[in-house]
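The values are calculated or read from the model by the stated rules, or taken from the named source; none is laboratory data. Treat the numbers as computed from the prediction; the structure is a model and nothing was measured. In this analysis, Cβ positions are derived from the backbone assuming ideal geometry, glycine residues included, and neighbour counts consider all displayed protein chains. The accessibility values were calculated without ligands, DNA or RNA, using every heavy atom of the protein model including side chains. Shrake-Rupley method; radii C 1.70, N 1.55, O 1.52, S 1.80 Å.
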Amino acid sequence: MAVTVLICAGLGSISQAAAAETSEIAPQTKTSSEQTEKLIGTLRDSGAVSGADLLQRRSDFEKLMSSTPGPARVQIRHVDANGVDGDLIWPARLHHPIGRRAILYLHGGGFYSGSLRTHANIAGSLAKAASADVLLIDYRLTPENRFPAQRDDAIAAYRWLLTSGYKAGNVVIVGESVGATLAIEVVLNQLRLSGPLPAAVVAMSPITDFAATGASLAANAASDPFMNKAELTLIHDAFARDRPLADPDISPLYGNVSGFPPLLIQVGAREVLLDDASRFADKVRQAGGNVSLEVWPGMIHQWQIFPFWLDDARRSNERVAQFAIAHFVDKPVQ
C-alpha cells in the first residue's frame, strides 16, 4: 500500500520514496512562526532542554509545565496498569461510553523526563477530540531505570487495556519523541509474539535511529534549536549505553515491520529527526503497510504537546484524533 505524505516547501531532507506521493499541509503562517519562536525562547529559558544534568532538566521541565493549563472538561481516574502508574482520562460528557475506545499515550522527554502532569493537557485534548479514554502512563525514567524498563512499562500498560475490556481494534497507541519510539516498539514486540495489535499507531517526531545515520541530522542542524547528534548520544547513553546503536529493540528503523498496523507519523520540517520519520515511513510502506507521513512547516521537536501556546499544535492534535477515530472498530457517534 502506498504511503501518503503531507508536506510543504522548505524541507531540509526527505527521502525520494516517501515524497513520491504528496498532499499539501498549508504553509506556515506568520502567526504560527511567531508563536513557534516564542516557544523556543520559553524552552531555552526554562533549562528543560539543555545541560548535562538530566535530573535538573527533569525538574525544570516539570516546573515549566506546572505553569501551563491542565486539561479541562475531562474526568480523571488514577489507575494501576499492571504495576505502572497511570491516569485514565475521558471526556466529561453525560453519555461518553467509558471502556469502549482507548488511546494509550506514551509521553516524550528523552526517557529522563515527563510525567502525568507534563502531558495531561495533550492527553485530555485527545480524549475530547477522539471521544476516547486516554491512558497516560508514568513509565520508569532514566537514569534511575535503564532499558528495558521503559519499554516493559509501555507493553504492560497496553496489555492492561486489553485485559480491562478494550478490544485491540479499539485501541490506538500514540506517543511523541521517545514516547513515539516506545509506541513503535510496543508494536514490534507484539509482532514478534504474534500478539494482538492495536488498531493504529501515531508516532510524533519519533527517534527511530540512534545510530544517527539520517541525512537530515546535518541538513537541518542549523534549523533545529534543540535536537542534534550529541543529544541523541546523550539520550542513548543514559537510556541504553550497553545496547548497540542499531539494536532494533531501541532503534526501530532496524526492526522487522512486516504486518505493522496503520501508522500516522508527524514531524517538523526543521527537525534533524526528519529522516528518522521519513525512512521509517518508507520501511513500513515497503513492507506493505499503510502509512501517512505529515511534515509540518516550521515546526520543532514535540510541538504537539503545547496546544495552549501553538495554533499548529491544536491543528496537529485534531488530525491525530481524526486518524484514531478513522481506525477504531467502534467509531464514536458524531
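If only one of ALA230, ALA221, ALA238, ALA203 is over 21 Å from ILE184 (Cα atoms) and not in a loop (DSSP other than H, G, I, E, B), which one is it?
ALA230
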Quiz item: Any residue in segment 105-112 that is crowded, with 24+ Cβ neighbours inside 10 Å, in a strand (DSSP E or B) and within 16 Å of the chain's Cα centre (by Cα)?
Solution: yes
Quiz prompt | Search result, residues across segment 199-212 that are more than 17 Å from TYR254 (Cβ to Cβ) and open to solvent by 10 Å² or more (accessible area, probe 1.4 Å) | solution = ALA199
Self-check item: Filter result for the condition that a residue is touching a Phe, Trp or Tyr at 6+ places or on another chain (Cβ under 7 Å) and touching a residue at least 12 places away in the same chain (Cβ under 8 Å), over ALA221, ALA211, ALA154
Solution: ALA154
Self-check item: Residue within segment 314-329 that is farther than 21 Å from LEU54 by Cα, among the basic types (Lys, Arg) and in contact (Cβ under 8 Å) with a residue 24 or more places away in the chain present
Solution: yes
Exercise. Can you give me the number of residues within segment 132-179 that are out of contact with any strand residue (DSSP E or B) (no Cβ under 8 Å at 6 or more places or on another chain), open to solvent by less than 10 Å² (accessible area, probe 1.4 Å) and assigned to a loop (DSSP other than H, G, I, E, B)?
Key: 1
Self-check item: Hits in segment 218-247 - residues which are in contact with a His (Cβ under 9 Å, 6 or more places away or on another chain), open to solvent by 40 Å² or more (accessible area, probe 1.4 Å) and of a type outside the set (Lys, Arg)
Solution: LEU245
Practice problem: Check PHE306 against each of (1) surrounded by fewer than 16 Cβ atoms within 10 Å (Cβ to Cβ); (2) within 15 Å of the chain's Cα centre (by Cα); (3) more than 23 Å from PRO262 (Cα to Cα) and name the one condition it does not meet. | Solution: (1)
Practice problem: Mind counting the residues in segment 260-290 that are of a type in the set (Gly, Ala, Ser) and buried (at least 24 other Cβ atoms within 10 Å of the Cβ)? | Solution: 5
Practice problem: Search segment 65-104 for residues being of a type in the set (D, E, K, R) and under 21 Å from ALA156 (Cβ atoms), and hand back the single one that is least open to solvent (accessible area, probe 1.4 Å). | Solution: ARG101
Exercise. State yes or no: is ARG117 open to solvent by 10 Å² or more (accessible area, probe 1.4 Å) and not in a strand (DSSP E or B)?
Key: yes
